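Before any comments, here is the structure.
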Amino acid sequence: MTSILETKDLCRDFVLPSHTVNAVSKVDLKVEPGTLVAIRGRSGSGKTTLLNLIGGLDQPTAGKVWVDGVDLTEATEADLVEMRRHKVGFIFQAFGLLPILSAVENIQVPMRLTNTDVREREERARALLERVGLGDRAAHRPHELSGGEQQRVAIARALANEPKLLIADEPTGQLDSRTGRSIVELVSALVASENVAAVFATHDPAPIAVADQVLEMSDGHLTFVT
């Protein structure tokens, strides 16, 4: 398998007292290394549910998910934890930075979880800050950074353990349009230089403009746009 991410007939149903919601319905998807895929769609269309499935945060009702060759539907919870730590980087709309930690310390959090050597994680965290243009902001805490700067730190943190796949759920949702464009351009450049795969769920036209592939989510179904 050359794809970093692949799904086959992926389904996720939620059973309610009155009816069943088909949040994700028979989704087939392949994402290659060095590719940015944007998934657009209305709120409630199934985008976040799909991201949770491909990130190993939720289990499908039916179908398969592979990340870097690992079948998530056959994995134990311990396997999924290891997969998320080593193979997947998450970028959140609300940044998700720890307020008591500095920028460089926030980036080190994933590496602490994998018991990376202290010197190695310090060096990598500072190198990643340079990559995202914040080398001079290492000691600043989140409240001392702008929204765009916080998201840059979050992107650096997502890359800390050299993942194969980046997953971003509305990563520009709290940013103004100009800052949002700069964040998307940064991620696009990092996808190419790091040769990772990235999947964005978004309402924002900026990721759609730079994506290698654009897909539409509607009532749980995924369709090709460009």
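The values are calculated or read from the model by the stated rules, or taken from the named source; none is laboratory data. What you are looking at is a predicted structure, and each value in this text was computed from that prediction instead of being measured. Virtual Cβ from ideal backbone geometry, glycine too; neighbours counted across all protein chains shown.
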Is it the case, given these coordinates, that Ala189 is surrounded by fewer than 19 Cβ atoms within 10 Å (Cβ to Cβ) and more than 26 Å from Leu113 (Cα to Cα)? yes
Test set (1) closer than 30 Å to Glu162 by Cβ; (2) over 18 Å from the mean Cα position of the chain (by Cα); (3) surrounded by fewer than 22 Cβ atoms within 10 Å (Cβ to Cβ); (4) not basic (Lys, Arg) - Thr48 fails condition number: (2)
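Pick from Leu175, Leu186: which is part of a loop (DSSP other than H, G, I, E, B) and in the same structural domain as Leu80 (by TED's automatic domain parsing)?
Details: Leu186 fails: part of a loop (DSSP other than H, G, I, E, B).
After applying the criteria, what remains is Leu175.
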Does the stretch 6-18 contain at least one residue that is outside the structural domain of Ala125 (by TED's automatic domain parsing), touching a residue at least 24 places away in the same chain (Cβ under 8 Å) and within 12 Å of the chain's Cα centre (by Cα)? no
Odd one out for Leu57, checked against (1) buried (at least 21 other Cβ atoms within 10 Å of the Cβ); (2) part of a loop (DSSP other than H, G, I, E, B): (1)
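Does the stretch 4-41 hold any residues that are within 15 Å of Asp219 (Cβ to Cβ), among the aliphatic types (A, V, I, L, M) and surrounded by fewer than 20 Cβ atoms within 10 Å (Cβ to Cβ), and which are they? It would help to see each step written out before you state the result.
Going residue by residue through the stretch 4-41, those that are within 15 Å of Asp219 (Cβ to Cβ) are 10-14, 19-27, 39-41.
This time we only want the ones that are among the aliphatic types (A, V, I, L, M), so: 10, 21, 23-24, 27, 39.
Result: Val21, single match.
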Would you mind telling me which numbered condition in (1) assigned to a loop (DSSP other than H, G, I, E, B); (2) small (Gly, Ala, Ser); (3) surrounded by 20 or more Cβ atoms within 10 Å (Cβ to Cβ) Ala168 fails? (1)
Counting only residues that are surrounded by fewer than 17 Cβ atoms within 10 Å (Cβ to Cβ) and either in a loop (DSSP other than H, G, I, E, B) or of a type in the set (Gly, Ala, Ser) (or both), the stretch 211-226 contains a total of 4
Looking at Val196, Val191, Val225, which is the one that is more than 13 Å from the chain's Cα centre (by Cα) and of a type in the set (Val, Ile, Thr)? Val225
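Here is a yes/no grid of residues against (1) touching a residue at least 12 places away in the same chain (Cβ under 8 Å); (2) of a type in the set (Gly, Ala, Ser); (3) not assigned by TED's automatic domain parsing to the domain that holds Asn195:
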site: Asp28; (1), (2), (3): yes, no, no
site: Glu32; (1), (2), (3): yes, no, no
site: Thr49; (1), (2), (3): yes, no, no
site: Gly55; (1), (2), (3): yes, yes, no
site: Lys64; (1), (2), (3): yes, no, no
site: Ala75; (1), (2), (3): yes, yes, no
site: Gly96; (1), (2), (3): yes, yes, yes
Among the numbered criteria (1) more than 30 Å from Val15 (Cα to Cα); (2) surrounded by fewer than 20 Cβ atoms within 10 Å (Cβ to Cβ); (3) free of Cβ contacts under 8 Å to residues at least 60 places away in the same chain, which single criterion is violated by Val70? (1)
For the structure I just gave you, tell me whether Gly173 is at pLDDT below 90 and surrounded by 21 or more Cβ atoms within 10 Å (Cβ to Cβ). no
Show me the helices (runs of 4 or more DSSP H) found entirely inside the stretch 63-165 where at least 2 residues are touching a Phe, Trp or Tyr at 6+ places or on another chain (Cβ under 8 Å). 147-158
Subset of the stretch 60-71, residues of a type outside the set (D, E, K, R) and either at pLDDT 95 or above or under 13 Å from the mean Cα position of the chain (by Cα) (or both), comes to Pro60, Thr61, Ala62, Gly63, Val65, Trp66, Val67
Per the list (1) modelled with pLDDT under 95; (2) polar (S, T, N, Q); (3) more than 24 Å from Leu215 (Cβ to Cβ), residue check on Ser43 breaks on (3)
